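Q: Just dropping this structure here.
The values are calculated or read from the model by the stated rules, or taken from the named source; none is laboratory data. All of these numbers come straight from a predicted model, not from anything done at the bench. For neighbour counting, all protein chains shown are included, and Cβ atoms are generated from backbone atoms with ideal geometry for every residue, glycine included.
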Amino acid sequence: MSETAEKRLPDAGAALPDPNRWKALVFIAVAQLMVVLDATIVNIALPSAQQDLGISDGNKQWVITAYALAFGGLLLFGGRIADLWGRKRAFVVGLIGFAAASAIGGAANGEAVLLGARALQGVFGALLAPAALSLLAVTFTDAKERAKAFGIFGAIAGGGGAVGLILGGFLTEYLDWRWTFFVNIPFAVVAALGAYFVIREPAGGRNRSALDIPGVVLSTLGLVSLVYGFTRAESDGWGDITTISLFVASAVLLGLFVAVESRVKNPLLPLRVVTNRNRAGVYLSLGLAIIGMFGLFLFLTYYLQVVEGYSPVKTGFAFLPMIVGMITGSTQIGARLMTRVPPRLLMGPGFLVAAVGMLLLTQLEIGSSYTTLILPAELLLGLGMGTAFMPAMSLATHGIEPRDAGVASAMVNTSQQVGGAIGTALLNTIAASATTSYLASHAAGANDQKLLALQGLVAGFSSAIWWAVGILVVASAIAVTFINTGRPGTSPAASGGAGDGAEDELVLPVAMH
């Protein structure tokens with residue numbers, strides 16, 4: 001059989017589609033929504049939790065950081081465990097563990113218990129997130145059905161954070177901060193019960209080879225050092241000796257990880273997963289896009305609440321246009337065109353449309369019109385990101401061997417998690433520096449110091465958002481340059497691309513054995 005003919009064959013496990021696959025999608029989507037919600041819902045509740053539990057200003061960041069470090073550091077390990085145990089089992093265990101950790105967090109009577117619960121949420125989230133995406137990958141193998149399924153999943157992955165702002169605002173303002181934890185429990189119970197009774201994982205997809213312990217240790221320590229390095233950069237500056245040491249340690253550990261993975265018999269991360277040019281393009285462009293997206297969530301939330309005086313609930317609702325745009329872009333544009341055009345023609349333009357939306361936000365001033373400036377910017381951001389996210393999520397696991405589905409899914413989440421950490425630190429630092437410069441240059445002639453402070457804050461936001469625009473443009477260029485696969489189900493000639501690219505390898509400086 002020729003190589004081209006082999007590439008036209010359906011994905012492994014597609015012979016007999018699961019009759020309950022659309023029901024399974026509902027429960028996978030519920031679980032994904034819970035994980036994405038948790039990334040933003042706690043942010044709004046943090047001031048109330050800090051006051052209630054007596055957490056110091058110096059330690060309050062650990063409520064966010066403890067989750068980020070455990071989640072980001074253990075994602076590759078979680079993906080490998082999903083391949084080893086089976087995705088359904090890992091999915092259900094992840095849900096039960098996440099619910100238990102949420103219950104502990106909601107009932108916390110002190111700082112230590114809350115921080116421990118957040119770290120535990122991160123541990124089980126690192127098991128749950130790659131299991132959810134890989135279940136979707138092995139369940140939907142028909143091109144058109146896959147497009148619809150990943151359209152829904154992409155909309156949730158992109159818009160769930162904004163939903164978290166709305167829900168977090170409601171729960172904090174009308175109930176109590178503890179409900180931002182307790183709300184996870186019904187999500188987890190429904191998803192776990194549904195998964196147990198409905199999801200049927202295709203047979204023969206497990207990777208039962210021995211666990212790569214050196215790879216687990218090196219990847220976990222390397223990723224934790226990287227994420228924590230960016231967290232320290234945000235709070236203590238890029239020149240801080242601890243920050244620099246963390247980045248150096250991360251580079252050494254991840255370099256050793258690549259060297260080990262290229263030599264061991266059963267690697268934690270088979271390098272064939274990341275040296276494929278299409279998947280590499282997805283991981284890079286998606287990570288950069290997430291950095292850019294933090295320009296929206298971070299600065300627009302502060303602008304609306306601090307500068308314009310919006311309540312938490314009003315702020316949450318102010319993000320609704322972006323959610324609408326995200327769902328529309330993902331399900332009505334991305335999903336409908338995914339089987340008709342190559343992925344790069346959705347991802348590249350999608351990131352550019354998002355960049356235009358971000359460009360509008362560089363014009364923010366005190367008293368800017370929500371209707372004529374912020375609303376259209378959010379719609380463009382949502383439409384662009386939704387259109388790009390959907391094929392990105394699908395392509396990241398398309399054509400992958402079933403035994404690698406978990407770790408390939410983990411790489412998608414890792415690129416998002418690291419992108420989020422970089423985005424928070426980088427854009428915050430740029431904004432703070434620009435604000436300081438603005439205040440220094442305008443202090444002499446200022447009569448109203450409060451007004452000057454707000455003007456400096458907005459000037460800082462604008463400067464950082466300009467960087468976010470540039471980052472989104474680079475993400476678009478990477479998507480168009482790296483990704484060369486044609487539309488699903490076509491030969492290379494039909495798509496007009498350089499080749500199908502399903503197994504095109506990048507030449508990387510690693511020894512392949």
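Q: At pLDDT below 85 and closer than 19 Å to Gly419 by Cβ - does that describe any residue in region 344-365?
A: no
Q: For region 380-390, state whether one or more residues are over 19 Å from the mean Cα position of the chain (by Cα) and polar (S, T, N, Q).
A: no
Q: With (1) outside any loop (DSSP other than H, G, I, E, B); (2) modelled with pLDDT of 80 or more; (3) within 27 Å of Ala318 (Cβ to Cβ) as the list, and Gln416 as the residue in question, which single condition is left unmet?
A: (2)
Q: Within the bounds of region 231-250, is there any residue that is at negative phi, touching a Leu at 6+ places or on another chain (Cβ under 7 Å) and not assigned by TED's automatic domain parsing to the domain that holds Phe461?
A: Yes, there is a match, as at least one residue in region 231-250 is at negative phi, touching a Leu at 6+ places or on another chain (Cβ under 7 Å) and not assigned by TED's automatic domain parsing to the domain that holds Phe461.
Q: Considering each of Ala149, Ala157 in turn, give the residue that is at pLDDT below 75, within 19 Å of the chain's Cα centre (by Cα) and of a type in the set (Gly, Ala, Ser).
A: Being at pLDDT below 75, within 19 Å of the chain's Cα centre (by Cα) and of a type in the set (Gly, Ala, Ser) holds for just one of Ala149, Ala157, which is Ala157.
Q: For a quick check of your reading: which helices (runs of 4 or more DSSP H) sit entirely within region 205-294 and have at least 3 residues that are touching a Phe, Trp or Tyr at 6+ places or on another chain (Cβ under 9 Å)?
A: Qualifying helices (runs of 4 or more DSSP H): 213-236, 241-261.
Q: Same structure, new question: Are any residues in region 433-451 surrounded by 10 or more Cβ atoms within 10 Å (Cβ to Cβ) and in a loop (DSSP other than H, G, I, E, B), and if so, which ones?
A: Hits for region 433-451 are Ala443, Ala446.
Q: Further question on the same structure: Go through region 49-61 residue by residue and tally those that are surrounded by 15 or more Cβ atoms within 10 Å (Cβ to Cβ) and either at pLDDT 80 or above or closer than 14 Å to Val123 by Cα (or both).
A: 5
Q: Hey, does region 183-199 have a residue that's at negative phi, loosely packed, with under 14 Cβ neighbours inside 10 Å and modelled with pLDDT under 90?
A: Yes - at least one qualifying residue is present in region 183-199.
Q: Separate question: Note down all Cβ pairs under 8 Å where the first residue falls in region 303-321 and is in the same structural domain as Gly357 (by TED's automatic domain parsing), the second is crowded, with 19+ Cβ neighbours inside 10 Å and assigned to a loop (DSSP other than H, G, I, E, B), and they're at least six residues apart or on different chains.
A: Tyr303/Leu364
Q: Can you find even one residue in region 122-135 that is touching a Ser or Thr at 6+ places or on another chain (Cβ under 6 Å) and not polar (S, T, N, Q)?
A: yes
Q: Does region 424-432 contain any residue that is touching a Leu at 6+ places or on another chain (Cβ under 7 Å), aliphatic (A, V, I, L, M) and not in a helix (DSSP H, G or I)?
A: Checked against the condition, which is being touching a Leu at 6+ places or on another chain (Cβ under 7 Å), aliphatic (A, V, I, L, M) and not in a helix (DSSP H, G or I), region 424-432 yields no hits at all.
Q: How many residues does region 67-93 hold that are touching a helix residue (DSSP H, G or I) at 6+ places or on another chain (Cβ under 8 Å) and either outside any helix (DSSP H, G or I) or free of Cβ contacts under 8 Å to residues at least 60 places away in the same chain (or both)?
A: Number of matching residues: 3.
Q: Can I ask one more? In region 47-63, which residues are in a helix (DSSP H, G or I) and touching a residue at least 24 places away in the same chain (Cβ under 8 Å)?
A: Correct list: Ser48, Ala49, Asp52, Leu53, Trp62, Val63.
Q: Moving on to the next point. May I ask you to verify whether Gln32 is surrounded by fewer than 18 Cβ atoms within 10 Å (Cβ to Cβ), touching a helix residue (DSSP H, G or I) at 6+ places or on another chain (Cβ under 7 Å), closer than 30 Å to Phe299 by Cβ and in contact (Cβ under 8 Å) with a residue 24 or more places away in the chain?
A: It is false that Gln32 is surrounded by fewer than 18 Cβ atoms within 10 Å (Cβ to Cβ), touching a helix residue (DSSP H, G or I) at 6+ places or on another chain (Cβ under 7 Å), closer than 30 Å to Phe299 by Cβ and in contact (Cβ under 8 Å) with a residue 24 or more places away in the chain.
Q: If the requirement is being free of Cβ contacts under 8 Å to residues at least 24 places away in the same chain and among the aromatic types (Phe, Trp, Tyr), which of these qualifies: Phe247, Phe299, Phe294, Phe230?
A: On inspection, the qualifying residue turns out to be Phe247.
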